[in-house]
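Taking it in order: structure first as structure tokens, then the write-up.
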Amino acid sequence: MPPRFQLDEDDDPRGTAAFVKAPEGAYDAVYSPARRYLRRLVVDQVARETPLLARIQQRYRTPARDRLFVFAGMLGNHTFFMFALPFLHLFGLGLFARGLTCVVLWSIYFSGVVKDYISAPRPASPPVAQITNSPAHTLEYGFPSSHTTYVVATIVYISHFMLNVWGVSVLWAALLWATGLVIVAGRIYCGLHSFVDVAGGVVLGLAEALAFIVLYAQLDAVLLSAGGPLAAVAILYSALTAIPRSLDLCPCSVDSFCATSVTLGVAVGAWIHARMPFLWHNGQPDQIAWDASLTLAQNAVRCAIVLGLIVVWKLTSKPAMVALVKLLLAGDDQPSPSDSPREDVVHTGGSAPCEQDGFPIPSPERVRTGRYGTHAIMAAHENLARIPIYAGIPLIIYTVSPVAFYYLGLLPS
């Protein structure tokens, strides 16, 4: 029985489609020459590195190190982001909070886009052991390492503020970099990435961080301007339609939907909040939950309210949002990840469709329109519902929570 993957951490894996690895000939038939060439470069390099990665594990693995690096890897999963990133906004960090949120979440998007485009597998297991408490992620492509991308981008962005804006001691920046090094080294130790995967993540993360350092203040001003929500929607639409289709049912594209949808909610939520001055009597629209004019207990209650609302929304919103998407898209044909229509595969001169190891190769028409591979995942109602679900988290922070503070008498006087 082929392994299964979860479209999201809260989905039941028994209800998802089986992940079936496409044979090499399918990539040659579907991908462009440039895409095939880049993929082959990475695949060959990972194959060359795999014996070395196996030897590294054989020499250095211990139960204690396994626990350390698995824990370090958890600093990049959905649950961590859902609880960690809101605190940046709760403590009134404003521009920095929005910028760092975008850096982290767009790292997931950009690394996912490259992963889907290259479509290179992770190091072979065996001989490499894949050490993780999230087996679903072992089914994603390997190049570049998403963890490395977001760790490097995040640390460079934070270091810029620490050293150039806040004047923090360089020792704190060094501690931050040491933590990041542990996370990155863990990707190789755990057998989830090769050296070339990590190198690709370093380059991508550094480029993204530098771009946000230079440009985010101007982008933030645009998003807070009168036409900000329209700009945010346009950015999200452009990003999601630009995700390349891959032959394998890799869940990278689902992560991209979730991450970029959160940034939409941040932009729209901040735009609304800045125009509701009765919710922030202290004259600082970036003060969401923590305010120096309130008591410690009042501030703690405000933070608890925000996090509680986020948890309730995440646990209960899915059925309603899926129903809403189905209502808005009533009549649209819904593809299934397991659908492989025989009439839509390439024929090889005779009457039999072209298959390799039971895998039907999409027809040129399907390839041209992008209706193959991960298209079925991205176009599903359940996946499209993730846009309002994840956009709703920052909307709770910036709009719903301040309204709750207002009626509960928890606003500064």
Rough spin-label spacing in nm, given labels placed 7 Å along Cα→Cβ, for residue 407 and residue 66
5.1 nm
Quick one: if you stick a label point 7 Å off each Cα along the C-beta vector at residue 312 and residue 179, how many nm between them?
3.1 nm
Once the piece of chain linking residue 301 and residue 163 is laid out straight, how much longer is it, given 0.36 nm per residue of separation minus the C-alpha distance between them?
46.4 nm
Full-extension gain between residue 59 and residue 369, please, as 0.36 nm times their residue separation minus the C-alpha to C-alpha distance.
106.8 nm
Go ahead and run the numbers for FRET between residue 330 and residue 41, Cβ-Cβ distance against an R0 of 45 Å, rounding to 0.05.
0.50
Quick one: 245, 67, fewest Cβ neighbours within 10 Å first, how do they rank?
67, 245
Measure off 7 Å from each Cα along the Cα-to-Cβ vector at residue 222 and residue 278, then give the distance between these two points in nanometres to one decimal.
3.3 nm
Please arrange 237, 60 by how many other C-beta atoms lie within 10 Å of their C-beta, fewest to most.
60, 237
Hz values of 3J(HN,Hα) by residue in the stretch 265-276 - Karplus curve (6.51, -1.76, 1.60), Gly and Pro given as x:
x, 4, 5, 5, x, 5, 4, 5, 4, 5, 9, 10
Based only on other Cβ atoms within 10 Å, what is the fewest-to-most ordering of 102, 303?
303, 102
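No value in this document is a laboratory result; all are computed from the given coordinates. The shown structure was predicted, so the numbers you read here are calculated from the model rather than taken from an experiment. We place every Cβ from the backbone using ideal geometry, glycine too, and count neighbours over all the protein chains shown.
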